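Before any comments, here is the structure.
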Amino acid sequence: MDFSSQFPELQLDVAAIQARSSTELSSELTLAKQRVIEAERAYAHLQSQLAELQLTHANEKTALTNEKTALTNENHLLLHRISELVIQIAEAHGRDRQLELSAELSKLQRQLDNKNRSLYGKKSERRPPSEGAKKDEKKRKRKIKRTGATRTAQQELPIEPVHHTLSTDQAHAGCRACAGNLVEMKGQTEDSEEVDVQPIRYILKVHRRQKYRCDGCGWLTTAPGPVKLIKNGRYSPAFAVQVAVDKYADALPLARQVTRMQRAGLKATSQMLWDQLQYLYTLLLPTLLVLHTQVLSADVCVADETPWRMMSNKGGGSKKWWLWTVSDGTGVYFQLVTSRGAAAARALLQDFSGTLVTDDYIVYTSLEKARTRNGGVQVVMDEEGQLVELPTPDYTLATCWMHARRYLFNAERYDPEAGPALDLIAELYQIEDEAVDKAEARRAGAKRKVSDDEARQWLLDERKKLRNTKSRRCVKQIDAWRGEVIRLEDTAFTDAIEHLDRLWSRLVLFLDDPRIPLDSGHAERQIRGPIVGRNNYRGCRSEHGARVAALFFSLISTAKKRGLDPHAYLLAAVVKALKNPKAVFTPEDYAKHLAQTAAVDPLDRASD
């Protein structure tokens, strides 16, 4: 078949090909050879890099393997040495070698389990009651989380009525059933609720202060302007208070606040926001000092402490500071200091002389004993080299049942014998809940308004009755249990029982005083809010920043504990301090002010 005749477009122009000069062909061939050489070089370079990576990987793998082998050998040597020491100790005391080795192995395994559990395990300490545990039929019902289909009453939201009517076209269209005329039914509506939101809006107010001139002497008078947080400043006290609440109540870092403000059209910087917080701190410091005094004047307080990160602005890493808190149940005071020692605890508690509920931290114990040992004072040398006396707290230390339970809870994983004590402690908490239920029922059944102080007294009365009857019996059973159980040395179960033995006199103090809570959980719950902020903005960057944070943590936590709006309270306190820099306006003062305002007749308030 002749393809050239059928496909003329495939016919070669032989004459044209021959016409191409040999010089051009040799030039193209040279270029092609150069490209091949470059490709070979690139390929060789890649092969070299791959070989280097493989060698590096092999070296790293070898180094890791050697390190693992070294650690394994070191562990074997340590275990061998531990075994030798345990055997020597057993021989010295005339005890069985195998029992001693088994006990030591169990102890090491327990330490490893506890470490892994603290890193990767669940934090909850809830446990189902055992079969023999007493169950309270009137146990308080837990609130069940429901879906959004269930309506929640919103008594605190302002109501904005929106009236909907038919449009002109809809009204002219008439009835959909018979096309008759539609007549409005006066006062008849079909109502439904809708929760809406108004985005944050920043306003630039222009204050025009009117000027006046005396027509006699020509003296000029200008109308007063708004109260300024900073002289000639541009930001209102309400703006500064909002920054403080967002940061210290809602854990919103200043950088995120700046981003949110920019979305709303306000150009701001973190430094500008921080300046506002510093001015608020200066104004509210007298109030913080009075709050501290109020808390320490209570008969019973709870205390706790937690680590706090102090970052360096010079890139030098971070240091561990400590956030301390003391609370009387309504007031909360925080301090941020460098130490977890006795000096920090003394600064927190000062000359507190009531009952202090804490965990088993040794500093609280040493301060309790220091009052008797040092005669109530501590002599120290001040910055000028003079000897001065510092007051020492004179409190009675009560131990938290929650921490005592924690030892038993951890021991139950290895020894079920801890179960009966845990059930009895759970019963103690059920009795406390029963007292709360009875006090709340009494308040709900009252046909008059009951003050918070009177309701608290009712709770103390119910606690006293139930603790004298039920709680004493329950504690007596725990006491008998710890005397009957068999204790094996170096076990978690024995450690838990010895913890009860050592602190028993402090654990039972709550039976004789209804004001003493069963645990120090209130302090832990109050410190939880700042911990959330610590995780968000990673800590503080200066000592002054730590003091500012402690002030706002204290005032905001106390306001929230009293059921107050933190923003409204702080703004009221700031306004008073602007009028009088030495003015003190605690959350308790603000709560009393609101109560007095609510008691005034509305017509009188309108006339005022």
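The values are calculated or read from the model by the stated rules, or taken from the named source; none is laboratory data. A quick note: this is a predicted structure, and the numbers were derived from the prediction, not measured. Neighbour counts are summed over all protein chains in view; Cβ atoms, including those assigned to glycine, are modelled from backbone coordinates with ideal geometry.
I'd like to know if the stretch 236-244 contains one or more residues that are within 28 Å of A559 (Cα to Cα), touching a Pro at 6+ places or on another chain (Cβ under 8 Å) and surrounded by 10 or more Cβ atoms within 10 Å (Cβ to Cβ).
Step one: filter the stretch 236-244 for residues within 28 Å of A559 (Cα to Cα), giving 236-244.
Subsequent filtering for residues that are touching a Pro at 6+ places or on another chain (Cβ under 8 Å) retains 236.
This time we only want the ones that are surrounded by 10 or more Cβ atoms within 10 Å (Cβ to Cβ), so: 236.
Taking every residue of the stretch 236-244 in turn, at least one turns out to be within 28 Å of A559 (Cα to Cα), touching a Pro at 6+ places or on another chain (Cβ under 8 Å) and surrounded by 10 or more Cβ atoms within 10 Å (Cβ to Cβ).
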Test of understanding: among F352, F334, which residue is aromatic (F, W, Y), under 24 Å from I556 (Cβ atoms), assigned by TED's automatic domain parsing to the domain that holds R528 and assigned to a strand (DSSP E or B)? F334
Failed item, numbered, when Y279 is tested on (1) closer than 19 Å to N232 by Cβ; (2) in a strand (DSSP E or B); (3) not hydrophobic (A, V, I, L, M, F, W, C): (2)
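Quick grid of which residues meet (1) of a type in the set (A, V, I, L, M); (2) at pLDDT 90 or above; (3) closer than 28 Å to R515 by Cα:
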| position | (1), (2), (3) |
| --- | --- |
| M311 | yes, no, no |
| G315 | no, no, no |
| W324 | no, yes, yes |
| S353 | no, no, yes |
| V379 | yes, no, no |
| G385 | no, no, no |
| V388 | yes, no, no |
| W401 | no, yes, yes |
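What residue, of Y202, Y212, is outside the structural domain of A244 (by TED's automatic domain parsing) and outside any loop (DSSP other than H, G, I, E, B)?
Details: Y202 fails: outside any loop (DSSP other than H, G, I, E, B).
One residue alone meets the criteria, Y212.
So which residues in the stretch 511-524 are part of a helix (DSSP H, G or I) and of a type in the set (A, V, I, L, M), if there are any at all?
L511, A523
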Residue count, the stretch 559-590 (criterion: assigned to a loop (DSSP other than H, G, I, E, B), within 20 Å of V332 (Cβ to Cβ) and free of Cβ contacts under 8 Å to residues at least 60 places away in the same chain): 3
Looking only at the stretch 490-537, count every residue that is within 16 Å of D359 (Cβ to Cβ) and aromatic (F, W, Y) and tell me the total. 2
Do you know which residues across the stretch 390-401 are buried (at least 18 other Cβ atoms within 10 Å of the Cβ) and farther than 15 Å from V508 by Cβ? T392, P393, Y395
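Listed here are the residues, each with its yes/no results for (1) touching a Lys or Arg at 6+ places or on another chain (Cβ under 6 Å); (2) in a loop (DSSP other than H, G, I, E, B).
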residue: V206; (1), (2): no, yes
residue: G218; (1), (2): no, yes
residue: G225; (1), (2): yes, yes
residue: D250; (1), (2): no, yes
residue: Q257; (1), (2): no, no
Subset of the stretch 293-307 [aliphatic (A, V, I, L, M) and assigned to a helix (DSSP H, G or I)]: V295, L296
Counted residues, the stretch 448-490 - those being among the aromatic types (F, W, Y) and either under 20 Å from G563 (Cβ atoms) or surrounded by fewer than 14 Cβ atoms within 10 Å (Cβ to Cβ) (or both): 1
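Quick one: count up the residues across the stretch 355-377 that are over 26 Å from M310 (Cβ atoms) and either at pLDDT below 85 or among the small types (G, A, S) (or both). Spell out the reasoning first.
Pass one, the stretch 355-377, residues over 26 Å from M310 (Cβ atoms): 355-357, 360, 365, 368-377.
Right, trim to either at pLDDT below 85 or among the small types (G, A, S) (or both) and you get 369-377.
Within the stretch 355-377, residues that are over 26 Å from M310 (Cβ atoms) and either at pLDDT below 85 or among the small types (G, A, S) (or both) number 9.
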Test set (1) farther than 26 Å from N580 by Cβ; (2) buried (at least 17 other Cβ atoms within 10 Å of the Cβ); (3) not β-branched (V, I, T) - R256 fails condition number: (2)
Would you mind telling me which numbered condition in (1) farther than 27 Å from K576 by Cβ; (2) surrounded by 10 or more Cβ atoms within 10 Å (Cβ to Cβ) K247 fails? (1)
Any residue in the stretch 487-501 that is modelled with pLDDT of 90 or more and within 23 Å of D299 (Cβ to Cβ)? no
Meets criteria (in a helix (DSSP H, G or I), within 60 Å of the chain's Cα centre (by Cα) and at pLDDT 70 or above) for Q54: yes
Within the stretch 275-328, which residues are within 22 Å of C540 (Cα to Cα) and acidic (D, E)? D275, D304, E305
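Need a quick list: helices (runs of 4 or more DSSP H) entirely within the stretch 397-510 having at least 1 residues that are charged (D, E, K, R) and under 32 Å from the mean Cα position of the chain (by Cα).
Filter on the stretch 397-510 gives 401-411, 419-445, 452-466, 492-507.
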Filtering the stretch 525-546 down to residues that are assigned to a helix (DSSP H, G or I), surrounded by fewer than 18 Cβ atoms within 10 Å (Cβ to Cβ) and modelled with pLDDT of 85 or more yields E543, H544
Yes/no for L285 being of a type in the set (A, V, I, L, M, F, W, C) and either surrounded by 19 or more Cβ atoms within 10 Å (Cβ to Cβ) or assigned to a loop (DSSP other than H, G, I, E, B) (or both): no
Where V227 falls short, out of the listed (1) over 20 Å from H544 (Cβ atoms); (2) modelled with pLDDT of 95 or more: (2)
